[in-house]
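Undergrad: Please read through the structure below; I'll follow up with questions.
No lab work stands behind these numbers, since they all come straight from the coordinates. None of the values given here were measured: they were computed from a predicted structure. As a convention, Cβ positions derive from the backbone with ideal geometry for all residues, glycine included, and neighbour counts pool all protein chains shown.
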Amino acid sequence: MNALQRIAVILGYEWRRALAKKWVLVLIVLSLTFETLPFIVFSQTSGTLLTAEIKKTMWVVGVLIGQSVFVHLIAIMVGGGSMSEEYEQGTADVLLSKPITKVEYITGKFLGGFLLLSFVEVITTIAGVILAYGFFGVQRDIHFVPLIFVAVVYSMLLFFSLTFMFSEVLRRSTLAMMMSFGIFMVSQIVGTYLLFRPEQFYRDVSQLLPTWSATALPTSLAADLMLLPGVGLITTPIGNVASAAIIIAVYTVIFVLIAYVRFVKSDVTKKTG
């Protein structure tokens, strides 16, 4: 068995471990519910708000409506237990006693969690498109769905890698999730405050916060492609696509490197309880 095969084994194990958690499935159900309810409300809205032209791009709302909160919440939940639960349950020693290197192990864990998130996003994206067709008829520019999907998945990297790092550094799943969720909330609040300050300096600073790039990238791309339906249906910030993509990449690289160095350089502890 070569290195890629060993990574694939850990990847598959990570999928089974994560899907065994009932709260992951609950979050998926909540995401789909959160995605469905606005369509029910919008379908009852008079034509003064939803014009015929807007109705043709409602698939964008279906794809992006949960992107500002739910996708990152699921990323935090999956990433929070990825490494730490192996220490808490005492399985890290068992897994690493197999013929596998530390780098292969942590790579399989990271890719497994991230691909699981991507699969969840496939489900919600398909559901959003189906809802748009079901409630509002034929949609235009539907060929951009894969591009917006990639932008959403890419944006999930930031908070998944942040929580993955905390999961390894702290080796406590609950603490890792609380730390990431706290950063998410503080960044969201501070970023919103700075964004509404009149000075350009504060606006620039707000764009360096993690939540700005993670939430703005897909929306900004949709805006550049002239897909946004407008009328306040999508309220996440809009900015430069390249800037958001670079900021996500920088944060992700930093978080992943810290997790890798911590794992490779430190001993694997016994069950932490």
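Undergrad: Calculate for the chain the 222 nm mean residue ellipticity that helices alone would give, adding -39,500 (n - 2.57) per DSSP H run of length 4 or more and normalising by residue count, nearest 500 deg cm²/dmol.
TA: The helix contribution divided over the chain gives -25000 deg cm²/dmol.
Undergrad: Here's something else I'd like to know. Are there trypsin sites (Lys or Arg not before Pro) in segment 62-166 that DSSP marks as loop and that have at most 12 other Cβ atoms within 10 Å, and which are they?
TA: Numbers: sites: K102, K109, R140; in loops: R140.
For trypsin sites (Lys or Arg not before Pro) across segment 62-166 that sit outside H, G, I, E and B with at most 12 neighbouring Cβ atoms in 10 Å, the list reads R140.
Undergrad: Please arrange S220, S82, S97 by how many other C-beta atoms lie within 10 Å of their C-beta, fewest to most. Let's see the in-between values first.
TA: Details: S220 23, S82 26, S97 9.
In increasing order of surrounding Cβ atoms, one gets S97, S220, S82.
Undergrad: So what is Rg over Rh here for the chain, counting just Cα atoms and using Kirkwood for Rh?
TA: On the way: Rg = 19.9 Å, Rh = 19.7 Å.
My calculation of the ratio gives 1.01.
Undergrad: To continue, here is another question. Which one, T163, M185, G137, is farthest towards the positive end of the dipole of the chain when Lys and Arg carry +1 and Asp and Glu -1 on their Cβ?
TA: After comparing all options, I get T163.
Undergrad: Work out the FRET efficiency for H143 and F119 from their Cβ-Cβ distance, taking R0 = 25 Å, and round it to the nearest 0.05.
TA: Working: r = 22 Å, r/R0 = 0.88.
Step by step, r from the Cβ atoms, then E = 0.70.
Undergrad: Also, I was wondering about something else. Cα axis of helix 241-265 to longest principal axis of the chain: angle in degrees, 0 to 90, nearest 10?
TA: 10
Undergrad: Distance from the Cα centre of segment 55-128 to that of segment 139-209, in angstrom?
TA: For segment 55-128 versus segment 139-209, the Cα centre distance is 15 Å.
Undergrad: By counting other Cβ atoms within 10 Å of each Cβ, how are I183, I7, I65 ranked from fewest to most?
TA: Numbers: I183 18, I7 22, I65 25.
Least crowded to most crowded, the residues run I183, I7, I65.
Undergrad: Helix 70-82 sits at what angle to the longest principal axis of the chain, using alpha carbons and giving 0 to 90 degrees rounded to 10?
TA: Tilt of helix 70-82: around 0 degrees.
Undergrad: Quickly rank 71-77, 54-60, 25-31, 197-203 as a protection proxy: mean count of other C-beta atoms within 10 Å, highest first.
TA: Numbers: 71-77: 24.6, 54-60: 22.1, 25-31: 15.3, 197-203: 10.6.
Going from most to least packed, we get 71-77, 54-60, 25-31, 197-203.
Undergrad: Taking a 29 Å limit on the Cα-Cα distance, which of the listed pairs K21/K102; K22/K109; K21/K56 fall beyond it?
TA: On the way: K21/K102 25 Å; K22/K109 19 Å; K21/K56 38 Å.
Violating the 29 Å limit, Cα to Cα: K21/K56.
Undergrad: I'd like the orientation of helix 210-224 relative to the chain: the angle between its Cα long axis and the longest Cα principal axis, in ° from 0 to 90, rounded to 10.
TA: 40
Undergrad: Right, something else. Taking the Cα centre of the chain as origin, sum charge times position over the Cβ atoms of Lys and Arg (+1) and Asp and Glu (-1), and report the length of that vector in debye to the nearest 20.
TA: Details: 19 positive and 15 negative charges, 120 e Å.
The dipole magnitude comes to about 580 debye.
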